[in-house]
1. Using only alpha carbon pairs under 8 Å that are at least six residues apart, calculate the relative contact order of region 46-159 and give it in whole percent.
2. If you add up the charges near GLU21, with Lys and Arg at +1 and Asp and Glu at -1, over every other residue whose beta carbon is less than 15 angstrom from its beta carbon, what do you get?
3. Go through 96-102, 208-214 and give me the packing order, highest mean Cβ count within 10 Å leading.
4. Restricting to bridges with both residues inside the chain, how much of the DSSP beta-bridge set is antiparallel, in percent to the nearest 5?
5. What percent does the relative contact order of the chain come to when contacts are Cα pairs within less than 8 Å and at least six residues apart?
6. For the chain, what is the mean residue ellipticity at 222 nm derived from helices alone (per DSSP H run of n ≥ 4: -39500 (n - 2.57); sum divided by total residues; nearest 500 deg cm²/dmol)?
7. So what is the relative contact order of region 94-182, in percent, for Cα pairs below 8 Å that sit 6 or more residues apart?
8. Please report the antiparallel percentage of DSSP beta bridges with both residues in region 33-156, rounded to the nearest 5.
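Derivation of every value follows stated rules applied to the coordinates shown; laboratory data play no part. Predicted model, so just to flag it, every value in this text is computed and none were measured. Every residue, glycine among them, receives a Cβ derived from its backbone with ideal geometry; neighbour counts consider all protein chains shown.
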Amino acid sequence: MKRPYVICHILSALDGKITGEFMGTQKARVAGEEYAQIREAFHAEAWLYGTVTTKEFTQYRKPELDTVTKDVPDGDFIAERSADFYYISVDTEGEIGWESGTFRKAGRPDAHVIEILTEQTNAAYKAYLRQRGVSYILAGKAKLDCRVAAEKLYRLFEIETLLICGGGTINWTFLQQGVMDELSLLIAPAADGAPDSVTVFERSEFLPISTPIEFQLKNVERLKANGIRLVYTVNNKE
């Protein structure tokens, strides 16, 4: 299967959390700046996020769907095939309220939006995306098929390097399904001990339990303000 080279690039606290009050510390802010610099240095064609993270980026805006069910053509929808950069959102339930097909956020390049849906995603939501010029691909019947998604991103959009940037559930889902090549983990020298914050890898309750996955250490780098970066390759990927 031809697919992008997939890197999970993530920033965590010492206790493995990727969200929480630790993010407000001075040391975590310094680590965050280095995280952003490294992210840019990958020169990836696309960054991928899970539904929860994208909801945060879009201020939890909900899609306004027509009450009458829309008939939409079968298959994928490509609004822009040759964009300079892509923002990919996994959104199998059709929950993100996009206003247009371009994602804009301060400090990041403008990006064409690609939604990853399943064959059972609401037809009215597909029509909503089409009206706004948001591309989408179907990957899986009822549950996300990461292999199908990766293959389509390579074939339809020529994405050769893909960064997965969280959250924890989408990180684990791609790892569990064998569609991750490398982990770039930045650790900020801070922790808040919160018991319910999201960690680097979290299995969704909808996914089967799998055997543990091992990594091979590729590089260790000391960062500013006593942070570190660990780079691993995945041992038992596809």
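1. Numbers: 202 pairs, mean separation 33.3, N = 114.
Normalised by residue count, the contact order of region 46-159 is 29 percent.
2. Working: positive: LYS17, LYS27, ARG29; negative: ASP15, ASP192, ASP196.
Summing Lys and Arg as +1 and Asp and Glu as -1 gives 0.
3. Working: 96-102: 16.9, 208-214: 8.6.
Highest mean packing first, the order is 96-102, 208-214.
4. Details: 17 of 43 bridges.
Once the DSSP bridges in the chain are tallied, antiparallel ones form about 40 percent.
5. Details: 501 pairs, mean separation 73.6, N = 238.
Here the relative contact order equals 31 percent.
6. Values: 5 runs with 53 residues, N = 238.
Value at 222 nm, helices only, nearest 500: -6500 deg cm²/dmol.
7. Details: 91 pairs, mean separation 20.3, N = 89.
Here the relative contact order equals 23 percent.
8. Details: 3 of 16 bridges.
Just about 20 percent of them are antiparallel.
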